[in-house]
Amino acid sequence: MKIEQFEMERMQSTWENLVEMDMSESGVRPVSLREMAEMGLDLDGILNMPLGYSQSNGTIALRETLALQYPGATAGHIEVTNGTSEANYVLALALLRPGDHVAFQVPNYMQYGGIPPSLGATVDRFSLCLDRDWEPDWEEFDRAVTPQTRLVYVSNPNNPTGSILSLEAMRRMVARCEQVGAYLLADEVYLGAEIHCPRTPSFWGMSDRVIVTSGLSKAYGIPGVRIGWIAGPPSVVAECWSQHDYLTIGPNKISDAVARVAAMPENREKLYARTRGILQHNLPIVREWVESFGGFLAFREPQAGALCLVRYGSPMPSYELCERIRVNRSVLVVPGIHLGVEGYVRLWLGGRPEFLKEGLRRVGAELSSL
Ligand SMILES: Cc1ncc(COP(=O)(O)O)c(C=O)c1O
């Protein structure tokens, strides 16, 4: 199986530990083990834990806790994976066959730009439009979602725009999937990271064609334990488990224990509140910085998540611009082209305020030289 390089992930892995300022991040500054202990994680129990295999699809206790957030779901609707990325991957392995089509929202986290073609499937893109407050281009959507479409992938809230689909847009997408017989894969890893607006509604329960993936990396602020999950119809989840058996067998035992604490409803709310506090504090810093450029930069304030996508008024390709920023200012930011759109850069707003201000100052100095 030949797979194209995941450009953004590779750029990050290559440079994030070598630059002075990594602003290619996409989550809030992570939660520590001590903070997890304060929420009830039994650290002493972990010290005594035999490091054997854990249950390969996630312990029953973890799956039951995760199921609480999906009305009507049971442990049988849940598969625990190594991060949301593995959840998305095993779903593709389970569902896609050569000749299938996948409709893919852009800009986006580009996993589904690369995986379907490696499995012989075709990707049909549809856009979110900055000038329409990141609403989907519905003509493109209707062209992309046809009876040949096996799966539609959206991230909601969206990486990188921080936008959230309206309920009306969600209903329209689900109705179209039902009409053509496609699955709707809603990657909801940013659900719970709303900055000022109410909680993002989940696609869960809107149709039996809906499959949700999520994980601890973004809204919970715990990327390092690498826990994600799939919530879907039990038959699809069973297929995913079969794929998972071949891939990594299952998540690690310490991570499952951490996740059991993080996913408890009261702790989940505490973690979401921590994330919201960080983002509410940082958003004005980014807003003020963008405004200082007058019309040269255009953006819609993110509604959720630790990132925003900014359009710049220069013909310079985004990769070249980000390379200049990295080489001249030792700051790593993500070029739009690595997110499926040209003429944009993705900025991070999840770090400490001083870090953010200095990073933006350096990015701004390079932009001013254009
Ligand atoms: C939309 C989306 N899905 C999945 C992932 C990967 O998440 P995880 O760290 O849980 O594997 C990311 C990471 O940036 C993301 O933005």
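The values are calculated or read from the model by the stated rules, or taken from the named source; none is laboratory data. All of these numbers come straight from a predicted model, not from anything done at the bench. Here the Cβ positions follow ideal geometry from the backbone for every residue, glycine too, while neighbour counts run over all protein chains shown. Accessible surface areas use protein heavy atoms only, side chains included; no ligands, DNA or RNA. Shrake-Rupley method; radii C 1.70, N 1.55, O 1.52, S 1.80 Å.
Taken over region 51-82, the criterion of being open to solvent by 10 Å² or more (accessible area, probe 1.4 Å) and in contact with a Ser or Thr (Cβ under 6 Å, 6 or more places away or on another chain) is satisfied by 82 alone. Screening the candidates 45, 113, 99 for the property of being of a type outside the set (A, V, I, L, M, F, W, C) and assigned to a loop (DSSP other than H, G, I, E, B) yields one hit, 99. Please specify each residue of region 312-333 satisfying the condition of being touching a strand residue (DSSP E or B) at 6+ places or on another chain (Cβ under 8 Å) and over 21 Å from residue 9 (Cα atoms). The answer is 312, 313. For the structure I just gave you, tell me whether residue 188 is within 12 Å of the ligand (Cβ to nearest atom), open to solvent by less than 30 Å² (accessible area, probe 1.4 Å) and in contact with a strand residue (DSSP E or B) (Cβ under 7 Å, 6 or more places away or on another chain). Yes; evaluated as a whole, the condition is true for this residue. In the set (1) at pLDDT 95 or above; (2) away from the ligand (no atom under 15 Å from the Cβ); (3) at positive phi, the condition left unmet by residue 294 is number (1). Among the residues of region 83-94, the ones that are open to solvent by 10 Å² or more (accessible area, probe 1.4 Å) and in contact with a strand residue (DSSP E or B) (Cβ under 9 Å, 6 or more places away or on another chain) come to 4 in all. For region 155-175, state whether one or more residues are over 24 Å from residue 103 (Cβ atoms), within 14 Å of the ligand (Cβ to nearest atom) and either of a type outside the set (Val, Ile, Thr) or under 17 Å from the mean Cα position of the chain (by Cα) (or both). No.
Residues being open to solvent by 40 Å² or more (accessible area, probe 1.4 Å), within 13 Å of the ligand (Cβ to nearest atom) and not polar (S, T, N, Q) are represented in region 107-117 by at least one member. Scanning region 207-227 for residues that are more than 8 Å from the ligand (Cβ to nearest atom) and assigned to a loop (DSSP other than H, G, I, E, B) yields 207, 208, 209, 219, 220, 221, 222. Those helices (runs of 4 or more DSSP H) of region 253-370 in which 1 or more residues are under 30 Å from residue 58 (Cβ atoms) and either within 21 Å of the chain's Cα centre (by Cα) or of a type outside the set (Ser, Thr, Tyr) (or both) occupy 253-262, 265-291.
Conditions (1) within 24 Å of residue 161 (Cβ to Cβ); (2) touching an Asp or Glu at 6+ places or on another chain (Cβ under 7 Å); (3) without any contact (Cβ under 8 Å) to a residue 12 or more places away in the chain; (4) of a type outside the set (A, V, I, L, M, F, W, C), marked per residue:
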{"residue": "22", "(1), (2), (3), (4)": "yes, yes, no, yes"}
{"residue": "25", "(1), (2), (3), (4)": "yes, no, no, yes"}
{"residue": "38", "(1), (2), (3), (4)": "no, no, yes, yes"}
{"residue": "70", "(1), (2), (3), (4)": "no, no, no, yes"}
